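To keep things clear, I will list the structure first and then write my remarks on it.
The values are calculated or read from the model by the stated rules, or taken from the named source; none is laboratory data. All values reported here derive from a predicted model rather than from experimental measurement. Glycine gets a Cβ as well: all are built from the backbone with ideal geometry, and neighbour counts include every protein chain shown. We work out accessible area using only protein heavy atoms, side chains counted, and drop any ligands, DNA or RNA first. Shrake-Rupley method; radii C 1.70, N 1.55, O 1.52, S 1.80 Å.
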Amino acid sequence: MLNHFKEIFKYRELLITFVKKSLDARYKGSFLGFIWTFINHLAHLVVFTIVFQYIFNVGTSNYSMFLFVCLVPWTEFTSAISGSLVSITGNANLVKKIYFPRQLLPLSVSLTYIVDYIYCIPIVLLAMLISKIPFTISLLFLPIIIILQCIFQTGICYIVAALNVKYRDIKQIVGIITMAWVYANPIFYPIERLQSLVILGRTVSDFWLPLLNPISSVVLSYRDMMYFGRMPSIKNLLVALISGIIIYIIGYLVFNHFEKTFAEDV
Amino acid sequence: MSDNDIAIEVKNLSKEFKIFKDKPTTIKEKILMLRSDTYTRFKVLKDINLTVKKGESIGLIGHNGCGKSTLLSLIAGIMYPNEGSVKTNGRLSCLIQLGAGFHPDFTGRENIYVNAAIFGMTRKEVDKNIESIIDFSEIREFIDNPIRTYSSGMYLKLAFSVATHINPEILLIDEILAVGDMNFQKKCFAKMEEFKRNKVTIILVSHNLNAVAKFCDKCIWLQDGVIKSSGKSKSVIEEYLSFMSGKQDKSNEKGNEKYTNEAEIVEFKITDSDNESVIGREIKSGIGINPIIKIKKLQTNGKIKAEILLSTADDQLISVIDSEFITLKKDETQTLKFQIKSLPLSSGVYTIKAVLKTEEGTECCKRTELNINVQAEYDNIGIFNLDFTCKKVD
């Protein structure tokens, strides 16, 4: 494991190059370039506002922002997973011909979407300003939450990237899982809705959700900081950290297991 | 020998591939067994042991499919061995494919950075070398165009230019010398010589035996996954060539014979001016040699002539000399002595073949061939080592 980080550090230049390359490549040749990401998210926000606030008339005050602050990082999260899915198979020519730590490929995809999210933060802040959501000191926790998301996300990226080399239908499965996963998180609904749900004597909101879907603690932390203007709870931070480390280690082990035959299987 | 002198150490290395009849690639297929999961094992490399000292250049030869490239991939860390271990000591670069990782939408300049990073160069090193890389590639005018607009030649030049500016301690090269025009190959060679002078450990996989003989001090001959022979380049290559020609003879015998059996070569030898055989030892470039051939006419009386074919190790014909037609009775023998006054060849292994021909021009006996091992005083590129002088005249 220590070697794993040493290797990554040794090849950090290549990692940075990969991240830059995929960020650049996405907007290469398009006229507006990065502005498309802004437009995309703003369009989302406008649609949410119209649909939920004016048509559905959802009770939650400022529902579009309630949704927006969680949905932006969530979109990046799922994009990272589907992006890393093909990170090994799509770079077959590299994997077959040149040595470098293979983890760099899914890791670079994960980091690309983290950077993409960081680029999006100004939009979220702008939206907060317009919606008159107060900026509080809790926003200082943002980097920590992003790092926690990154650890968890990278672990998942390792797993799907490695599995996809052996079994090409992982792609379909991951598609279905990410589609359903969004509803397993309190993104569209407040966490309070789960408080009354009790399974085996324990509430879903306090026990089952963090246990079975620990990434929800990251989602809730984003909402705490950027919607409610309050500190993320220590419990959420701890759940995110511990689950992140566990998933990362699992991802590392799975990746290591499959890595040995990448050059032959892709 | 201390551990620090060793660049590459391969111990008891074995690698096998599974050859699937019809491999399941999805979970559905795996579970439902829609495709048969049966495979046969194919051992590509069997128990390879190899130690390469720092600064050595090693040639890796063998026929197609003998495991050369697999061995290279294993040393590079691209593949993992089934058994045994590979240890490398030093910064390693592997030129198996030029231009790996080029992105078509990026400009030449951007791709230099990406490609160099893949080879393990830092951004600073590239910054320092970028001008020299662009100059070397000869495509300065197009360097800021996306490389999807490049011709394949330009693409290759750029890729090679990056590859030569990496700063490795161990360099693995697979057959890249085979690409490009003459000029490109020459440049390639000059660069390799430079690496060699700078004490870079080099492993070169090539079918260009001349290049291997000239460039590599030592040579390893892989045959069906085992090291058949290793040692000084020339002797290994000689051994390899006589093995290969032996194989060819066998296949000739089995298949339709391309020659008629009207005559045979009883004896074929090559001597120097002192009547000593030149086979199996080094001869100096420029000395004279005498191919001596004893022939016997079979079947009928008739006219035949002898031809001597001189070619390079990789079967590039250099020259053909022949005798007059001579009339021989059935079962009569005759010895012919050719005298080649001077053989001004560059260092390397050359093949001399003897063949008999009838008046109609058909070959009428089995070809016989010998290999000679020429050593020139100074090395140069090309086949001939001309005897020349140069002085100022006004």
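Given 10 Å bins starting at zero, what is the percent of C-alpha pairs of chain A in each, up to the one with the largest pair distance?
It works out to 6, 27, 34, 23, 8, 1, in whole percents.
Where does the charge balance sit around B:Lys199 when Lys and Arg score +1, Asp and Glu -1, over other residues with C-beta under 9 Å from its C-beta?
Once positives and negatives cancel, what remains is +2.
To the nearest 10 degrees, how steeply does helix A:234-259 sit against the main Cα axis of chain A, on a 0 to 90 scale?
Approximately 20 degrees, to the nearest ten.
Check which residues have an amide H placed less than 5 Å from B:Ile58's amide H, if you skip close sequence neighbours.
B:Ile202, B:Ile203, B:Leu204
Mind ranking B:Lys196, B:Lys329 by accessible surface for me, highest first, 1.4 Å probe?
Result of the area sort, largest leading: B:Lys329, B:Lys196.
Which whole-number percentage describes the relative contact order of region B:256-375, with Cα contacts under 8 Å and a sequence gap of 6 or more?
In percent, rounded to a whole number, it is 35.
With charges only on Cβ, +1 for K and R and -1 for D and E, what is the dipole size of region A:30-172 about its Cα centre, in debye, rounded to 20?
The dipole of region A:30-172 has a size of about 460 debye.
Based on alpha-carbon centroids, what's the gap between region B:70-110 and region B:320-374 in Å, whole number please?
When both Cα centres are located, 46 Å separates them.
With springs only between Cα atoms under 10 Å apart, run a GNM on chain B and tell me which of B:Gln299, B:Gln339, B:Gln185 wobbles the most.
B:Gln299
Could you compute how fast the protein assembly as shown diffuses translationally, taking Rh as the Kirkwood radius over C-alpha pairs and applying Stokes-Einstein at 4 °C with viscosity 1.567 mPa s? Give it in µm² per second.
43 µm²/s
Which residues of region A:91-110 end up with at least 30 Å² less accessible area in the presence of all protein chains than when their chain stands alone, using a 1.4 Å probe?
A:Asn93, A:Leu94, A:Lys97, A:Ile98, A:Tyr99
For a quick check: with amide H placed at 1.01 Å from N, whose amide H comes under 5 Å from B:Gln223's, ignoring anything fewer than 5 positions away on the same chain?
B:Lys228
Using protein chains only and a probe of 1.4 angstrom, how many square angstrom of A:Val182 are accessible, to the nearest 10?
My reading of the accessible area for A:Val182 is about 20 Å².
Using a probe radius of 1.4 Å on heavy atoms only, what accessible surface per residue do you get for region A:78-155? Whole Å² is fine.
36 Å²
Select from B:Asp322, B:Asp274, B:Asp224 the residue whose mean-square fluctuation is largest in a Gaussian network model of chain B (Cα-Cα springs shorter than 10 Å).
Comparing B:Asp322, B:Asp274, B:Asp224 in the GNM, the peak value goes to B:Asp274.
Round to a whole number: what % of the accessible area of the protein assembly as shown belongs to carbon and sulfur, probe 1.4 Å?
That share works out to 57 percent.
With angles folded into 0 to 90 degrees, how steeply does helix A:170-181 sit against the dominant principal axis of chain A? Use alpha carbons for both and round to 10.
The answer is roughly 20 degrees.
Kindly report, to the nearest 10 Å², the accessible surface of B:His63 as traced by a 1.4 Å probe over protein heavy atoms only.
Here the residue's solvent-accessible area equals roughly 40 Å².
Compute the Cα gyration tensor for region B:3-233, then decide on rounded, prolate or oblate, letting a ≥ b ≥ c be the square roots of its eigenvalues: rounded whenever a/c is under 1.5, prolate when a/b is larger than b/c in the other cases, and oblate in all that remain.
Oblate, because a/c is 1.5 or more while a/b does not exceed b/c.
Tell me which residues come under 5 Å, amide H to amide H, from B:Ala7 once H is placed; ignore anything under 5 positions away on its chain.
Placed amide hydrogens put B:Val52, B:Lys53, B:Lys54 under 5 Å from B:Ala7.
Can you give the Rg/Rh ratio of region B:256-375, where Rg is from the C-alpha atoms and Rh is the Kirkwood radius?
Here the Rg-to-Rh quotient is 0.99.
Which sequence of A:Ile50, A:Ile187 reflects their accessible areas, 1.4 Å probe, from the largest down?
Largest to smallest exposure gives the sequence A:Ile50, A:Ile187.
Leaving ligands, DNA and RNA out of it, work out the accessible area of A:Met231 with a 1.4 Å probe and give it in Å² to the nearest 10.
Its heavy atoms expose roughly 100 Å² to the probe.
Give the accessible surface of region A:161-204 per residue, rounded to a whole number of Å², with probe radius 1.4 Å and ligands, DNA and RNA excluded.
59 Å²
In a shell of Cβ-Cβ distance under 12 Å around A:Asn236, excluding A:Asn236 itself, what net charge do Lys and Arg (+1) and Asp and Glu (-1) give?
+1
Using θ = phi - 60° and the Karplus form 6.51 cos²θ - 1.76 cosθ + 1.60, what ³J(HN,Hα) does each residue of region B:11-16 get, whole Hz, x for Gly and Pro?
After applying 6.51 cos²θ - 1.76 cosθ + 1.60, I find 10, 6, 7, 10, 9, 10 Hz.
Can you compute the radius of gyration and Dmax for chain B, using only the Cα atoms, both in Å?
Values for chain B (Cα only, Rg and Dmax): 25.9, 88 Å.
For A:Val254, what is the net charge nearby, where nearby means another residue's Cβ is under 15 Å from its Cβ and Lys, Arg count +1, Asp, Glu -1?
Combined, the nearby Lys, Arg, Asp and Glu give +1.
State the Cα centre-to-centre distance between region A:53-118 and region B:171-245 in whole Å.
Taking the Cα centre of each part, region A:53-118 and region B:171-245 sit 47 Å apart.
Based on Cα coordinates alone, diagonalise the gyration tensor for region B:120-221, multiply each eigenvalue by 5, take square roots, and list the semi-axes in whole Å, largest first.
Its equivalent ellipsoid spans semi-axes of 26, 17, 11 Å.
For region B:3-233, report the accessible area per residue in Å² (1.4 Å probe, heavy atoms, rounded to an integer).
Heavy-atom SASA per residue in region B:3-233 reads 46 Å².
Report the full-extension gain for the segment A:Thr136 to A:Arg26: residue separation times 0.36 nm, less the Cα-Cα distance, to one decimal in nm.
36.2 nm
Using all C-alpha to C-alpha distances in region A:13-158, build P(r) with 10 Å bins and read off the rounded percent in each one.
Pair shares across the bins are 10, 35, 32, 17, 6, 1.
Taking chain A as the reference, fit the longest principal axis to its C-alpha atoms, fit the long axis of helix A:104-130 to the helix C-alpha atoms, and give the angle between the two in degrees, 0 to 90, nearest 10.
20 degrees
As a test of reading the structure, rank A:Arg230, B:Arg41, B:Arg197 by solvent-accessible area (1.4 Å probe, protein chains only), most first.
B:Arg197, B:Arg41, A:Arg230
Between chains B and A, what is the buried accessible area summed over both chains (1.4 Å probe, protein heavy atoms, nearest 100 Å²)?
Interface area, both chains combined: 2600 Å², rounded to the nearest 100.
Name the residues of region A:1-27 whose accessible area falls by at least 40 Å² when all protein chains are present instead of the chain alone, probe 1.4 Å?
A:Glu13, A:Leu14, A:Thr17, A:Lys21
Rounded to the nearest 500, what is the protein assembly as shown's calculated 222 nm mean residue ellipticity when only DSSP H runs of at least 4 contribute -39500 (n - 2.57) each, over all residues?
The per-residue figure over the protein assembly as shown is -13500 deg cm²/dmol.
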